[in-house]
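The next block holds one structure in the form of structure tokens; read it before the comments.
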Amino acid sequence: MNLCGMSAHALRDGIAARRFSAEDVVRAFLDRIAAHDGRVHAFLEVHDTEAIAEARRLDEEIARGSEPGPLAGIPIAVKDNICVRGRGTSCASRILSGYAPPYDATVIEKLRAAGAVVLGKTNMDEFAMGSSTENSGFGATRNPWSLEHVPGGSSGGSAAAVALGLAPVALGSDTGGSVRQPGAFCGVAAMKPTYGTVSRRGLIAFASSLDQIGPLGRDVQDCLNLYNVLCGPDPRDATSAPGGHEVPEGALLQGVRGLRVGVPWDWLGEGLHADVEAALGRSVEALRQAGALVGEVSLLDPSYAIAAYYIIATAEASANLARYDGVRYGASARGAEDPAGLYTGTRSEGFGAEVRRRIVLGTYVLSAGYYDAYYLRAQKARRLIRDDFERAFAMADVLLLPTAPTPAFRIGEKTGDPLAMYLSDIFTVPLNLYAGCGINVPAGLSADELPIGMQLLAPRFGEAALFRAAQCLESRLGTLGLAPEPAET
């Protein structure tokens, strides 16, 4: 029985029916990590001893007849910017090398209460700043479909782990597409919830008004189940939205008949890969055949969102990362003769090139004389983008467009051109400025056998319609079960 090829919900059913144990499942994934992660480098740290002990405890509870939770025995990989008590949480940065938080993030508390087992921490772009997981301070992650290509970013380790069957589900964070874009590049379902529906407490901040934790899974059902465990208000998070926002599982069975689907065709011009365009056409036809009402919607040129995003996000990053000064925690430069030397040495040694670039840019746009010209104008543009989305969602229940304009690009292809790298997120960034919800659905393979993803977007708290459309698209496209074989170097 190939446990590592099963979805999380199938594993949960098997554990509940005693067809196999939680320990059997955890050991199977740990064995697969040991056998195959050396080539892909999805994990920064594997918690094998703790994971086995937790699985045994859950098996004992199940044997006693107790109900240990909706995710009982399900292994989960966790992006390394989410705090796990007593375990390394470095944000893939050398400045936090060796840091072990004294508490669990709220999402980890919820996962433990639901019976999930944390397998380990996954690689990422340093402080979530990147679109390829090449910016990690501890080495790049490779795409399991082709070791010559990137897995996307910044949650590339989580996406690669799920794609290769190293974990059935994973957590990532999405600031400008960092869950959805690697989901597309690696061929897995990947969801960004509405901002505020999932607690950010214990997520080490990049851009506080944009960051959102989201689930990745083998299928849409896994993303829904994980989202329902994670969502809900948190009094310890000032950005948490009030009220419950769970989506009934029955929503996946409702279909899309009568659902209004808008396609922003004016976004899809130069730079769109031919195979991605063909996959979009198949997706439109699949939804039409299922009874959805597909029509065109108009949205502002996404290049405006890219410009606003890289001002707002870098400004917030500059403020958030000011705490890493070599004094309070994290790495500290040796031999500094004065505070200025300590700060300069610590940040020069601890931060990678992309993080330094964004801190400098963010500090510049916040500086006297430039605040109004850049930061204030970007916030005004954000307001216009939000209003534009609201108009679009008055005409459509969900929007459909590619997650990325191309399949995964080659390692090193864009590292010398930051602007080209930033534009790989052109279809994902606008949603974060709006603060709505979105999901990547695998939509087949390119001619080069690389995954293609389609993105569905919904308004704030529109997760029910989002999952309905995603489930329909997944079933109609017939992409379930597509998975890479472990590649050889």
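Show the residue pairs meeting these rules: Cβ distance below 7 Å; 6+ apart or different chains; first residue within region 314-335 and on the phi > 0 side of the Ramachandran plot; second residue buried (at least 20 other Cβ atoms within 10 Å of the Cβ) and in a loop (DSSP other than H, G, I, E, B).
Listed by first residue and then by second, the contacts come to 330/324.
Given the structure, is residue 226 crowded, with 20+ Cβ neighbours inside 10 Å, under 20 Å from the mean Cα position of the chain (by Cα) and closer than 25 Å to residue 427 by Cβ?
So residue 226 passes the test.
Give me the pairs: first residue in region 361-383 and touching a residue at least 60 places away in the same chain (Cβ under 8 Å), second residue part of a helix (DSSP H, G or I) and among the small types (Gly, Ala, Ser), beta-carbon distance under 7 Å, and six or more apart or on different chains, which are they?
375/315; 378/308; 381/308; 382/308
In region 242-253, which residue that is in a loop (DSSP other than H, G, I, E, B) and free of Cβ contacts under 8 Å to residues at least 60 places away in the same chain is nearest to the chain's Cα centre (by Cα)?
By that ranking, first place goes to 246.
Let's see how each residue does on (1) crowded, with 24+ Cβ neighbours inside 10 Å; (2) closer than 30 Å to residue 245 by Cβ; (3) touching a His at 6+ places or on another chain (Cβ under 7 Å):
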site	(1), (2), (3)
410	no, no, yes
422	no, no, no
427	yes, yes, no
430	yes, yes, no
440	yes, yes, no
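Filter region 228-256 down to residues that are in contact with a Gly (Cβ under 8 Å, 6 or more places away or on another chain) and closer than 22 Å to residue 113 by Cβ, then give me how many there are.
Residues meeting the conditions: 9.
Yes/no per residue for (1) touching a strand residue (DSSP E or B) at 6+ places or on another chain (Cβ under 7 Å); (2) modelled with pLDDT of 95 or more; (3) assigned by TED's automatic domain parsing to the domain that holds residue 210; (4) of a type in the set (D, E, K, R):
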{"residue": "260", "(1), (2), (3), (4)": "yes, yes, no, yes"}
{"residue": "274", "(1), (2), (3), (4)": "no, yes, no, no"}
{"residue": "285", "(1), (2), (3), (4)": "no, yes, no, yes"}
{"residue": "306", "(1), (2), (3), (4)": "no, yes, no, no"}
{"residue": "314", "(1), (2), (3), (4)": "no, yes, no, no"}
{"residue": "320", "(1), (2), (3), (4)": "no, yes, no, no"}
{"residue": "323", "(1), (2), (3), (4)": "no, no, no, yes"}
{"residue": "329", "(1), (2), (3), (4)": "no, no, no, no"}
{"residue": "335", "(1), (2), (3), (4)": "no, no, no, no"}
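Starting from residues that are free of Cβ contacts under 8 Å to residues at least 40 places away in the same chain and in a helix (DSSP H, G or I), keep the ones in region 254-275 and report whichever is surrounded by the most Cβ atoms within 10 Å (Cβ to Cβ).
Among those residues, the one meeting the criterion is 265.
State the number of residues belonging to region 42-80 that are touching a residue at least 40 places away in the same chain (Cβ under 8 Å) and in contact with an Asp or Glu (Cβ under 7 Å, 6 or more places away or on another chain).
Qualifying residue count, region 42-80: 4.
With the checklist (1) assigned to a strand (DSSP E or B); (2) surrounded by fewer than 23 Cβ atoms within 10 Å (Cβ to Cβ) in hand, flag the one item residue 452 doesn't pass.
Result: residue 452 fails condition (2) only.
Among the residues of region 117-135, count how many are free of Cβ contacts under 8 Å to residues at least 60 places away in the same chain and either closer than 16 Å to residue 204 by Cβ or more than 15 Å from the chain's Cα centre (by Cα) (or both).
Number satisfying all stated conditions: 1.
I'd like the residue in region 1-48 that is of a type in the set (S, T, N, Q) and more than 21 Å from the chain's Cα centre (by Cα) and, out of all such residues, is farthest from residue 141 (Cα to Cα).
21
Within region 318-402, which helices (runs of 4 or more DSSP H) (wholly inside it) include 2 or more residues that are under 30 Å from residue 97 (Cα atoms)?
Once the helices (runs of 4 or more DSSP H) in region 318-402 are filtered for at least 2 residues that are under 30 Å from residue 97 (Cα atoms), what remains is 339-350, 353-366.
Which of the residues belonging to region 48-83 are surrounded by fewer than 17 Cβ atoms within 10 Å (Cβ to Cβ), at pLDDT 95 or above and among the small types (Gly, Ala, Ser)?
53, the sole residue that qualifies.
In this structure, is residue 42 in the same structural domain as residue 211 (by TED's automatic domain parsing), over 21 Å from residue 144 (Cβ atoms) and either in contact with a strand residue (DSSP E or B) (Cβ under 7 Å, 6 or more places away or on another chain) or small (Gly, Ala, Ser) (or both)?
No.
Which pairs do you get when a residue that is in contact (Cβ under 8 Å) with a residue 60 or more places away in the chain, found in region 342-358, comes within reach of a residue that is among the aromatic types (Phe, Trp, Tyr) and loosely packed, with under 14 Cβ neighbours inside 10 Å, reach meaning Cβ atoms under 9 angstrom, with the pair 6+ apart or on two chains?
From residues that are in contact (Cβ under 8 Å) with a residue 60 or more places away in the chain, there are no pairs.
The values are calculated or read from the model by the stated rules, or taken from the named source; none is laboratory data. Source: prediction; values computed, not measured. Cβ: placed from backbone, ideal geometry, glycine included. Neighbour counts: every protein chain shown.
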